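The values are calculated or read from the model by the stated rules, or taken from the named source; none is laboratory data. Predicted model only: the values in this text are computed from it and were never measured. Cβ placement follows ideal geometry from the backbone for every residue including glycine, while neighbour counts extend to all protein chains displayed.
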Amino acid sequence: MDTARAAAPLSLRERKKLRTRQALIDTALELFTERGFDHVTLDELCDAVEVSKRTFFRTFTSKEDVAMAPLHDLWTAFLDELGTARPDGGPLSELLRDVLLAALDRMPGEEWAHRVLLSRRLAAHHPSMDAHGLAFCDRTGRAALDVVVRRFDLGGAAHDPDRLRAHLAVDLLVAAWRRGLEAWTAEAGTPTRADLAAAFRRACAALPESLALTARVKAD
């Protein structure tokens, strides 16, 4: 990463775009939670934020996209972290776990966690949001695999065994994240970002034993 560029202050235009994006996310989650995802039109959302639909579509592709934005931001940070991570020779699965935890640590605290909680609770009742999230996870997983294969000493050919193993490592990371996120969302009260990290760690820790589970027929 170009650290000089990363440290450069944002222009006024960029700051305004970020403020508008955040206003759309916050207003969307508030309206969807209060009135129901299907009962808020895109026109109503844009009117509430006082932006045009053209402005909306410069940033988001759909209502599902804006509602899932807090988690999208996490995975964007994950890919950014993965692009600069330096492995120490340990298991790839542990590197991926640590990179995602580093990305989680970059999220803006409890405000972000609250947005994720609203988003996940909405997704539980709206299949279109869950489908959108699954498609996004698939795209992100493939992008992560590309970074892993490009940067690390792994097979690059489509049928190379190491590429398959790397692909499965990424898939397992996503699966552990989804299970951890699911458990976190179901927690009572207002779970925190630290609670989410802990839930994800527990899911990752359960992976080896899950692969070794013995299937037996229940006794009558």
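Looking only at the range 210-220, residues that are within 17 Å of L168 (Cβ to Cβ) and acidic (D, E) come to 0 in all.
H72 meets the conditions (1) modelled with pLDDT of 95 or more; (2) under 19 Å from S128 (Cβ atoms); (3) not assigned by TED's automatic domain parsing to the domain that holds H125 in every case but one. The failed one is (3).
Determine whether the range 65-75 contains at least one residue that is of a type outside the set (S, T, N, Q), more than 20 Å from T27 (Cβ to Cβ) and surrounded by fewer than 17 Cβ atoms within 10 Å (Cβ to Cβ).
Within the range 65-75, none of the residues are of a type outside the set (S, T, N, Q), more than 20 Å from T27 (Cβ to Cβ) and surrounded by fewer than 17 Cβ atoms within 10 Å (Cβ to Cβ).
Elements of the type helices (runs of 4 or more DSSP H) sitting completely within the range 4-82 and holding at least 1 residues that are farther than 24 Å from A103 by Cα and not charged (D, E, K, R): these cover 12-35, 42-49, 53-59.
Exactly one residue out of A135, A123, A69, A113 is touching a helix residue (DSSP H, G or I) at 6+ places or on another chain (Cβ under 8 Å) and over 19 Å from A183 (Cα atoms), and it is A69. Check D38 against each of (1) within 24 Å of R120 (Cβ to Cβ); (2) without any contact (Cβ under 8 Å) to a residue 12 or more places away in the chain and name the one condition it does not meet. Looking at each condition in turn, D38 falls short on (2). Taking the criterion of being within 18 Å of L71 (Cα to Cα) and surrounded by 17 or more Cβ atoms within 10 Å (Cβ to Cβ), the residues of the range 144-171 that qualify are A144, V170.
Filtering the range 106-121 to residues that are of a type outside the set (F, W, Y) and under 13 Å from the mean Cα position of the chain (by Cα) leaves R106, M107, A113, R115, V116, L117, S119, R120.
The numbered conditions (1) farther than 20 Å from D38 by Cα; (2) at pLDDT 95 or above are all true for R86 except (2).
Annotation note: of R163, R151, the sole residue that is touching a helix residue (DSSP H, G or I) at 6+ places or on another chain (Cβ under 7 Å) and basic (K, R) is R163.
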